[in-house]
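The values are calculated or read from the model by the stated rules, or taken from the named source; none is laboratory data. Values in this document were obtained by computation on a predicted structure and should not be read as measured data. Note: ideal-geometry Cβ built from the backbone for every residue, glycine included; neighbour counts use all protein chains shown.
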Amino acid sequence: MELTIALKDHEYQIKMERNSLIQSGAWIKKIWQKQKIALITDRTVDQIYTQKVQKSLNENGFQTTVMVVPTGETSKSLETADFLYTKLAQNSFTKSDGIIALGGGVIGDLAGFVASTYMRGIHFVQMPTTLLAQVDSSIGGKTAVNTSAAKNLIGTFYQPDGVLIDPDVLATLPQQRLKEGIAEIVKSAAIADLNLWQTLVNLKDAADLEQHAEDVIIPALKVKRKVVEEDEFDQGQRLILNFGHTIGHAIEKTAGYGAISHGESVAIGMVKITEYAEKIGMTPKETTQKLRKMLRKFDLPVEFADFDPVQINKAITHDKKVRESQLNIILLEKIGEAKIIPISLEKFKEYL
């Protein structure tokens, strides 16, 4: 299966095929001329997939250098980016060379940020190895690193030259990593695809979803494609993708990066904001109940025991979505349809 992302100044393909990682070199050869490639990954993925991908790249005439960073959210930092810049310079990478992100969302964000800023931009491709990255972060061109002040505070928009998705990699994912990807699929269904929501309703659990991966990944990709094509730089309709994220990112920040996963935080954030919106009549009755039931079926959290409204609010004030003390929040008109509501930071405290 191939989907085209057609943007004003850039077009690229998402290719999804089982067992495609071991043939990735032939796919890259259709996109890039022969060049040096930095294969950026983390320690966990390195042990499973790096050798297979590197072998395929080398067999197709590419000169591949593997660059491995620690696993986890803490690697999304300026310090790790500097480590990669140094490695690229030491290996004489130029603007004619490229970077492949082989990993989950952390690797995709980090490698994309480095690709967009090294020599003001070199070639870049995504090979996402988690469900979360496959349906969300590998698509759309957002790159970022975290700081002590906030998650994703420093970043760029930098579209890849292609995205290669191999659903077979889901078999090697720990359950927690699989579940956090499911949270983003639930989000996509809730904001824009009632048919996808019904598909999720008909699935028994996470294992059942894994067996029917294409049935949920493709619709979720189409949701992301539509909003990215309409709003590449996150100024309008693309904001609906932030459903659950404003509170979710703040939970990640206050809990400490890595203490709670991105997908788990988003799940809690979706429930929290919908609960209050329903209470004040901004969202139809029983919407929160439907969300809770769906998330619990896939063993995702719907509340955060250490939720501190004061600390959460403090973290939100550093959110990049805040403009002149205003925040655009995402609420559900109904399951399958979302709306963007401008609100003051002061008023938003009530949602916490």
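How many of the residues making up the stretch 215-235 are surrounded by fewer than 14 Cβ atoms within 10 Å (Cβ to Cβ) and either among the acidic types (Asp, Glu) or touching a residue at least 60 places away in the same chain (Cβ under 8 Å) (or both)?
2
Hey, among ILE273, ILE268, which residue is among the hydrophobic types (A, V, I, L, M, F, W, C), touching a strand residue (DSSP E or B) at 6+ places or on another chain (Cβ under 8 Å) and within 20 Å of GLU252 (Cα to Cα)?
ILE273
Check off (1) at pLDDT below 95; (2) closer than 19 Å to LEU132 by Cα for SER344 and give me the number that stays unchecked.
(2)
Of all residues in the stretch 23-43, which are within 18 Å of ASP168 (Cβ to Cβ), under 23 Å from the mean Cα position of the chain (by Cα) and surrounded by fewer than 19 Cβ atoms within 10 Å (Cβ to Cβ)?
If the condition is that a residue be within 18 Å of ASP168 (Cβ to Cβ), under 23 Å from the mean Cα position of the chain (by Cα) and surrounded by fewer than 19 Cβ atoms within 10 Å (Cβ to Cβ), then no residue fits.
Based on this model, can you work out whether THR288 counts as more than 24 Å from the chain's Cα centre (by Cα) and of a type in the set (Ser, Thr, Tyr)?
No; evaluated as a whole, the condition is false for this residue.
Just a yes or no: is a residue in the stretch 173-189 of a type outside the set (S, T, N, Q) and farther than 16 Å from THR130 by Cβ?
Yes, some residue in the stretch 173-189 is of a type outside the set (S, T, N, Q) and farther than 16 Å from THR130 by Cβ.
Determine whether LYS95 is more than 23 Å from ASN146 (Cβ to Cβ) and surrounded by fewer than 23 Cβ atoms within 10 Å (Cβ to Cβ).
Judged against the criteria, LYS95 is a match.
Mind checking which helices (runs of 4 or more DSSP H) fall wholly inside the stretch 253-340 and carry at least 1 residues that are at pLDDT 90 or above and at negative phi?
Counting at least 1 such residues, we get 262-279, 287-297.
Which residue out of ILE312, ILE335, ILE329 is surrounded by 15 or more Cβ atoms within 10 Å (Cβ to Cβ), over 29 Å from LEU209 (Cβ atoms) and in the same structural domain as GLU210 (by TED's automatic domain parsing)?
Only one candidate qualifies: ILE312.
Of the residues that make up the stretch 43-51, is at least one of a type in the set (A, V, I, L, M) and either part of a strand (DSSP E or B) or closer than 19 Å to LYS87 by Cβ (or both)?
Among the residues of the stretch 43-51, at least one is of a type in the set (A, V, I, L, M) and either part of a strand (DSSP E or B) or closer than 19 Å to LYS87 by Cβ (or both), which makes the answer yes.
For the list (1) surrounded by 13 or more Cβ atoms within 10 Å (Cβ to Cβ); (2) out of contact with any Lys or Arg (no Cβ under 7 Å at 6 or more places or on another chain); (3) β-branched (Val, Ile, Thr), I need the number of the one condition that VAL271 fails.
So the condition that VAL271 fails would be (2).
Which residue pairs have Cβ atoms closer than 8 Å, lie 6 or more positions apart in sequence or on different chains, and pair a first residue in the stretch 51-70 that is in the same structural domain as ASP97 (by TED's automatic domain parsing) with a second residue that is among the acidic types (Asp, Glu) and in a helix (DSSP H, G or I)?
The qualifying pairs are VAL66/ASP46; VAL68/ASP46.
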